[in-house]
Amino acid sequence: MTAPALARALDLITRVRGVRGAMVVSRSDGLIVAEQLMEGIKGSAVAALASSLAGRLHRAMVSAGLGPSQFWHLQCDHGALLVVPAGSEAGLLLVAVTEADVNVGLVRLELLRAAETAP
Amino acid sequence: MSDDVKALSAQLASDPQSLVFLRLGELLRQKRQFDAATRVAQHGLERHPHLADAHDLLARIFADAHDYEHAFDEWDMTLRIAPQHTGALKGLAFLYFKIGDLAQAESHLQAAKDAAPDDPTIEQAFAVIRGEAGATLAPPSPAAAPEQPHVSERRSESVSALPDERIFAGLEGAQEGLLLLDAAGLVLGGALKTPEGKDVTDTVAAYLAGVSQESARAARLLDLGSWRGLSAEGQGGHVYLVQPTPESLLLLMRDRSLPLGRLGLLAQRAAQVARQWLERQR
């Protein structure tokens, strides 16, 4: 995915009201590839944890015969973390950090749409 | 088709708005023709959506068909419409008894007794819950059909014989799509099977060890408070993870026909059952 394409993908996500930031994360090593995060969000640490969680969920779901995860949603008291695999062989993760009252369905759609643009 | 079913069917066909569907559905339930009984009850509910007896009928059909989750929903709906409906109170008592929640079972039976103090089946059900010898419990029958006793020999469930593996007894999919783990990923209850029927309980449990800690860390790093649930969509189904207690993790797995939102509700209900069970183990 080129830098402009990454920026466009993140734009799609962060323009939804209630989204505090979005990242493209390398699934294999948990490093940030691109980001648009609000001040104060610990992007690097969250990226690493998102990558690790994605790995666990992926293995669990494949083992359970459900196929790879296409979207996951960590619900918390004051917000959420939403993740969609993207890129060739799902080597990337699109990650959105949101406030509690966000329209999760809309963010999910934007994440999936952004993932489609990834090569 | 028996004559009585034919007669009631004809009566219903001639007057689709009538309440004869209640008698027809009940008759089919007693004949254990659950699919036909369900159709009759559901068609009746389409015309009479706020009729408590219709929801109660559907709940009894589900309960007889061992679909306890839907039975719970229907009895719950019955009580929303008619809070003192004794059939629904006894039905919920039966379901709580099945999952080993004796306090809730007794509470619902007491409410049923308050509403219908002369109903002898309630005392019999109390005897079962208190573990009195020889007593057994079955799904409730309607008040209009006393020949089908509430306490019967049809289903035998001794209170003292609730083994640990039955934590989720009464919850739909308890032996194929529900899993309770401890913090180390060891299985406490439930089981998981692939759509092909292969048991993958231990494999999935091993992969999920550590999910709670990582979810909690991610939430903390993002100042999002505590995590309440983790849902994931797969090509062949959904999973939902919750923490019944800080030291345990519960996974609910279903195919894609069940929307994620509903899966979350089911997971919360299962977590409540698991929490109560875990508390009793201490």
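The values are calculated or read from the model by the stated rules, or taken from the named source; none is laboratory data. Just so you know, these numbers come straight off a predicted model, no measurement behind them. Here the Cβ is made from the backbone with ideal geometry for all residues, glycine too, and neighbour counts use every protein chain on show.
Worth pointing out:
- If you go through segment B:203-212 and keep only what is in a helix (DSSP H, G or I) and in contact (Cβ under 8 Å) with a residue 24 or more places away in the chain, you end up with B:204, B:205, B:208, B:211, B:212.
- Close pairs from segment A:69-84: first more than 7 Å from chain B (Cβ to nearest Cβ) and free of Cβ contacts under 8 Å to residues at least 12 places away in the same chain, partner of a type in the set (S, T, N, Q) and in a strand (DSSP E or B), Cβ under 6 Å, at least 6 apart: none
- Number of the condition not met by residue A:20 [criteria: (1) in contact (Cβ under 8 Å) with a residue 40 or more places away in the chain; (2) within 14 Å of another protein chain (Cβ to nearest Cβ); (3) assigned to a loop (DSSP other than H, G, I, E, B)]: (3)
For every residue, the table says whether it meets (1) in a loop (DSSP other than H, G, I, E, B); (2) over 21 Å from residue B:114 (Cα atoms); (3) modelled with pLDDT under 85.
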| position | (1), (2), (3) |
| --- | --- |
| B:35 | no, yes, no |
| B:42 | no, yes, no |
| B:45 | no, yes, no |
| B:58 | no, yes, no |
| B:62 | no, yes, no |
| B:66 | yes, yes, yes |
| B:79 | no, no, no |
| B:84 | yes, no, no |
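- Residues in segment B:234-255 that are in a loop (DSSP other than H, G, I, E, B) and more than 7 Å from chain A (Cβ to nearest Cβ): B:243, B:244, B:245, B:246, B:247, B:255.
- Test for residue B:196: is it within 7 Å of chain A (Cβ to nearest Cβ) and closer than 26 Å to residue A:97 by Cα: no
- Any chance residue B:101 is farther than 27 Å from residue B:278 by Cα, surrounded by fewer than 24 Cβ atoms within 10 Å (Cβ to Cβ), touching a residue at least 60 places away in the same chain (Cβ under 8 Å) and out of contact with any strand residue (DSSP E or B) (no Cβ under 9 Å at 6 or more places or on another chain): no
- Any hit, segment A:62-80, residues being over 28 Å from residue B:251 (Cβ atoms) and more than 14 Å from the chain's Cα centre (by Cα): no
- Of the numbered criteria (1) out of contact with any helix residue (DSSP H, G or I) (no Cβ under 8 Å at 6 or more places or on another chain); (2) crowded, with 17+ Cβ neighbours inside 10 Å; (3) within 7 Å of chain A (Cβ to nearest Cβ); (4) not aliphatic (A, V, I, L, M), the one residue B:231 fails is (1).
- Qualifying position, being more than 10 Å from every other protein chain (Cβ to nearest Cβ), over 14 Å from the mean Cα position of the chain (by Cα) and not in a loop (DSSP other than H, G, I, E, B), among A:89, A:35: A:89
- Some residue of segment A:41-56 being outside any strand (DSSP E or B), more than 30 Å from residue B:198 (Cα to Cα) and either of a type in the set (Val, Ile, Thr) or more than 14 Å from chain B (Cβ to nearest Cβ) (or both): yes
- Single condition residue A:109 does not satisfy, out of (1) more than 8 Å from chain B (Cβ to nearest Cβ); (2) crowded, with 19+ Cβ neighbours inside 10 Å; (3) assigned to a helix (DSSP H, G or I): (2)
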